[in-house]
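What follows is a short report on a single structure.
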Amino acid sequence: MADPRFFRSAGPFSLAEIAEIADAELPAGCDADRLMHDVAPLDVAGSDDLSFFDNKRYATTFMASRAGACIAEPAYVERAPEGMVVLSTPKPYRAYARVAARFYPEQVPSSSHHHTAVVDASARIGADCALAAYVVIGANAEVGAGCVIGAGTVIADGVVIGGGTHIGSNATLSHCYVGRNCRIHSGVRIGSRGFGFAMEPEGFEDVPQLGRVMIGDNVEVGANSTIDRGAGPDTVIGNGSKIDNLVQIGHNVKVGGSCVLVAQSGIAGSATLEDYVAVGGQSGIGGHITLGRGSNVAASSGVMRDVPAGQTVGGLPAILLKDYFRLCALWQRQLKAKGKRDE
């Protein structure tokens with residue numbers, strides 16, 4: 001259950017209201033006016049709480065739960081414990097996300113500019129923006145209406161930020177355009193110079209990084225992630241992509257729309273990720289390669305060549321995931337055989 005010190009509930013909501021929000025179906029004959037006062041996990045929920053169930057491994061927990069109501073797939077309606085109302089939907093997790101967001105809507109600070117914020121006279125700040133303590137906004141920067149900028153964040157000269165975007169504390173944005181309704185978490189660095197230099201025996205010569213970072217709408221960038229500006233071409237992040245914490249994106253990288261990059265993954269310079277690519281945690285993507293639309297990279301993989309659209313790869317170097325699993329099974333058999341020979 002959410003700690004009231006940090007989260008403010010907008011509940012309660014009736015089952016009828018919840019069913020509408022979730023686009024779920026209530027069982028015939030249930031009391032649609034019954035109120036749910038909170039959302040909670042299956043194992044701790046009480047009779048006034050709403051929970052959800054979408055993973056078969058928790059079936060035992062579901063059947064023992066004391067939750068007053070639960071969002072679940074239609075197949076589990078008959079398996080619910082006595083007293084639980086099941087709101088059935090083929091996509092319970094998505095439905096729960098919508099309901100939980102209604103119970104706990106994002107708390108947006110009121111429009112205000114802290115007296116310690118430093119805003120250049122040439123910067124343009126839209127209506128209803130909240131600037132926290134020690135925010136710095138440089139010359140000719142543009143901040144759209146309804147933006148929230150956390151304490152200690154620096155928006156460098158010329159940066160453009162679309163309306164409704166929230167930026168956490170101690171972030172640094174330079175050489176970039178950021179779209180509307182983005183979420184940029186604390187400690188993010190966007191627009192740092194790309195890691196580019198000519199390597200010669202007499203010394204390394206830095207290559208000027210003259211591109212930008214272009215971030216689309218509805219993009220999320222997790223805490224302490226970094227996105228380097230391009231060397232000439234721009235670094236691009238497509239609409240709706242989700243970038244986890246501690247992700248590194250190199251110069252000239254093109255990330256398509258609705259991609260997912262999980263924590264500690266790294267994308268080397270000039271790589272291209274087409275739409276709907278998912279990269280598992282701690283994976284590395286080599287430079288100048290392309291991951292096709294809808295491809296997937298398993299966690300802790302190293303991708304060193306192009307991945308066709310829709311393909312799932314894993315391992316180091318990454319190969320078809322099913323082939324990698326076959327190799328793992330083969331290695332296990334060989335190890336067992338060697339162990340018997342050594343006995």
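Only the coordinates and a few stated rules stand behind these numbers; no lab work does. What you see is a predicted model, and the numbers here were worked out from it, not measured in a lab. So basically every Cβ, Gly included, is an ideal-geometry build from the backbone, and we count neighbours across all protein chains shown.
Rounded, prolate or oblate for region 270-343? Axes are the square roots of the Cα gyration tensor eigenvalues, ordered a ≥ b ≥ c, and the cut-off for rounded is a/c under 1.5. Mind showing how you got there, number by number?
Details: a/c = 3.53, a/b = 2.81, b/c = 1.25.
Verdict is prolate for region 270-343.
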Cα shape, the chain, gyration tensor, a/c 1.5 rule:
oblate
Where the centroid of each part is defined by its Cα atoms, how far is region 105-119 from region 136-159 in Å?
12
J(HN,Hα) series, region 127-137, from Karplus relation 6.51 cos²θ - 1.76 cosθ + 1.60, nearest Hz, glycine and proline x:
5, 6, 8, 10, 10, 7, 4, 6, 5, 10, 10
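Based on the Cβ-Cβ distance of ASP128 and ALA198, what FRET efficiency does E = 1/(1 + (r/R0)^6) give at R0 = 51 Å, to the nearest 0.05?
On the way: r = 48 Å, r/R0 = 0.93.
After rounding to 0.05, the efficiency reads 0.60.
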Karplus-derived 3J(HN,Hα) from phi for region 190-204 (6.51 cos²θ - 1.76 cosθ + 1.60, θ = phi - 60°), whole Hz, x at Gly and Pro, runs 10, x, 4, 4, x, 8, x, 7, 7, 9, 10, x, 7, x, 8
Neighbourhood net charge (12 Å Cβ-Cβ; Lys/Arg +1, Asp/Glu -1) for GLY314
+1
FRET efficiency estimate (nearest 0.05) - Cβ-Cβ, LEU335 to GLU142, R0 56 angstrom
0.40
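Residue separation times 0.36 nm, minus the C-alpha to C-alpha distance between ARG79 and ARG57: what's the value?
Working: separation 22, 0.36 × 22 = 7.92 nm, distance 1.44 nm.
Going from the current span to full extension adds 6.5 nm.
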Net charge near SER88, counting Lys/Arg +1 and Asp/Glu -1 over other residues with Cβ under 11 Å of its Cβ?
-3
Within the under-14-Å Cβ sphere about PHE53, not counting PHE53, Lys/Arg +1 and Asp/Glu -1 give a net charge of +1
What residue among ASP206, ASP234, ASP128 shows peak mean-square fluctuation when the chain is described by a Gaussian network model with Cα springs under 10 Å?
ASP206
Report the relative contact order of the chain, percent, no decimals, based on alpha-carbon pairs under 8 angstrom and at least 6 residues apart.
6
